[in-house]
Every structure is written in C-alpha cells, then in structure tokens.
Amino acid sequence: MSDKLHRFFIENLHVRGEWVSLKQSWQEIQKNSHYPDPIRNVLGEALAAISLLAESLKFDGSLILQIRGTAPVTMLVVQASSEGTIRGIARWQDNVEISTDATFNELFGAGTMVISVENKPKAGAQQGERYQSLVSLEGESLSECFSEYFAQSEQLKTKMWLAVDDKTAAGILLQSLPSEGADSNDWNHAVTLADTLSNDKGNDELRNLDAETLLHRLYHEEELRLYDAKSIRFECSCSQQKIENTILSLGGEEATGIIEEQGTISIDCEFCNTHYELDSVDVSRIFHEDAIANPIDADNNGTDVVH
Ligand SMILES: [Zn+2]
C-alpha cells in the first residue's frame, strides 16, 4: 500500500492546492533511526513539504531539501523523485540533551537550508541540469521558512500547513492562480480557512482526516474540485552500482589498502540501512572492468571516472 497526494482546485477563489498524507512511507523512514520527538517531527514536516513541493514544480529527476544546522541537529536531508518516491534522514549530536518542546530554531541553531533540483541527464549528457536555492532559516517553523522561500522564488502567492506525529506526516499547500476576476480577498479567504489547521484540533484533523473529508470541512461553501490521488512511497535510490562507483572514486590504491587492513570494504546506506560488503575479488573486478571500459584512465586507477 502506498501513501496519497491529491491535487485540488477551488474554482471560485482561483486557488489551486495539494493535500498529502504520509503514513506507511513515514513509518518506514522512522525505522532507520531512533529520533527524539522534536527531530522526528521536523523530519516528518520536511518529508510532507518536499512531497508537496515536488508536485508543484516541473522537474524530471530529484528534488532535495537539505538543512545544515550548528547544534544539536547537524544535518537533515529529504529527497523526492519525479516518480513519487521519497527518502530522508536527520543527524544530531547525541551527547546533547534535546528538550521535548525544543523549537525549530533551538534544533538547528544558525543553520542554512538549500533546495536543489537535479534533473536526469538528457541522452548523451553526463550530468543533468541542476538548480539550487538558498532559503533563510529565520522562521519559527519549517512552514514559515517555506513561506519565506515562496515569497522570494515564486511569483504566485503560496502557503503550506504541516502536521506530524509518529504515525502520520501530512500537509496542505495553497497557491493563488493568476486569473481574471481574482482578487486578494479570494486568496485571503482560502488562507483564513486553512489557518484553522494551525491549532491543536486542526493539526489533528490534518493528520487524521482523508482528503475529501478535510477539504469538505474547510471549503464546503466553495466550488471545490478534488483530483485523483497520486501515490507516494518510500524507496531508496542506493544500489550496488552506486557503491561500486564510490569505490572506484577512492582509487585502486586506497581501495586495496582498506581490503588489506580490514579484509572487506563495508558500507551501510544511511537512508535504508542496506548493508553492502565487497571483498578483494569484488575490488579487483571493479577496477579491472573500469580499466577495460576506460583504457585511458587505467593508469590513474580510475580516479577520473565521472559519476
Ligand atoms: Zn539505501
């Protein structure tokens, strides 16, 4: 079973929207680490946010949101692909006590947030197009930071509401569409109704009601159109091939050195806990195959291989 994202349209208010609810994927992602509650919540918010953002941007590849913090959370990264898969992790200093009501700013300190789009390479190209935007972390919450991001980067008024617990990471996005007859009252009206999701009761409804029920509760007096669901699932993009490319980039000397010292090279994927282990036979094969495929690189042990 996968999770769901619905687009919707409030016709008379000229506002488009998206609703997402992550349950199974969110629970699978939490299994990889024992997150303290406040960190778990912000990771869930980031996953719901990236799912909403991925649906409103045009790209073919992956969309990545990365926050580098000072303390106690040092890194948070979430990724959504154009195929509807998501993954994410957070890393923190486990020697620091994290209070259960730590705020967004207390979690990241003086951090930076970067949103990047990495398109798949076009036929014949080594690398796809990439775009990056820096987002200020000066907000009380992730959704506030996003509001700031939208204000800077989108011409259209856009807002997001997020709600998370250990079972569900959910969110709603609204965006004002330019059209004849639309005025700011329409947008303000749509936002005022969605703002009722910000209190405890509303948060609860955002997490627990299905799209139809929740949107009916908010917009039953408007002309609302709800579109078919798109599925979202947890999937990691790590693979044996990517691990082998990483080993190639170490160079033959270093890879052989690790084998001599430790017997094997073992790598665990941080996103999905998959364990990869390569022995001396694997390492010889990887460099041998590379030497055949790239005869010019053979002398420098493949360190010029492009990934
Ligand atoms: Zn993985």
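Listing for the model above:
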read-out	value
Surface accessible to a 1.4 Å probe, per residue, for the residues of the range 105-202, Å²	55 Å²
Solvent exposure of the range 233-280 as accessible area per residue, Å², 1.4 Å probe	58 Å²
Overall Cα dimensions of the range 29-152 - principal axes, largest extent first, Å	50, 33, 22
T74 versus Q240: modelled label distance in nm, points set 7 Å from Cα along the beta carbon direction	3.2 nm
Exposure rule at most 16 other beta-carbon atoms within 10 Å, DSSP loop trypsin sites (Lys or Arg not before Pro): the chain longest free segment	168-307
Calculated Rg and Dmax of the range 221-301 using C-alpha coordinates, Å	20.6, 72
Surface share of carbon and sulfur [accessible, 1.4 angstrom probe, percent] for the chain	47 percent
Approximate spin-label separation D195-Q155, in nm, with each point projected 7 Å along Cα-to-Cβ	2.7 nm
Residues of type lysines that K31 reaches as a straight line, Cα spacing below 16 Å, ignoring anything fewer than 8 places off in the same chain	K23, K167
Calculated FRET value between S133 and D37, using beta carbons and R₀ = 35 Å, to 0.05	0.75
Orphan Cys of the chain, criterion: no other Cys C-beta under 4.7 Å	C145
Stretch gain in nm, segment R225-T213, where the contour uses 0.36 nm per residue and the Cα spacing is subtracted	3.0 nm
Accessible area in square angstrom per residue, the range 27-87, 1.4 angstrom probe	33 Å²
Ellipsoid equivalent to the chain - semi-axes via the Cα gyration tensor, in Å	41, 22, 17
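The values are calculated or read from the model by the stated rules, or taken from the named source; none is laboratory data. What you see is a predicted model; the values in this text were computed from it and never measured. For neighbour counting, all protein chains shown are included, and Cβ atoms are generated from backbone atoms with ideal geometry for every residue, glycine included. Surface areas here come from the heavy atoms of the whole protein model, side chains and all, with no ligands, DNA or RNA. Shrake-Rupley method; radii C 1.70, N 1.55, O 1.52, S 1.80 Å.
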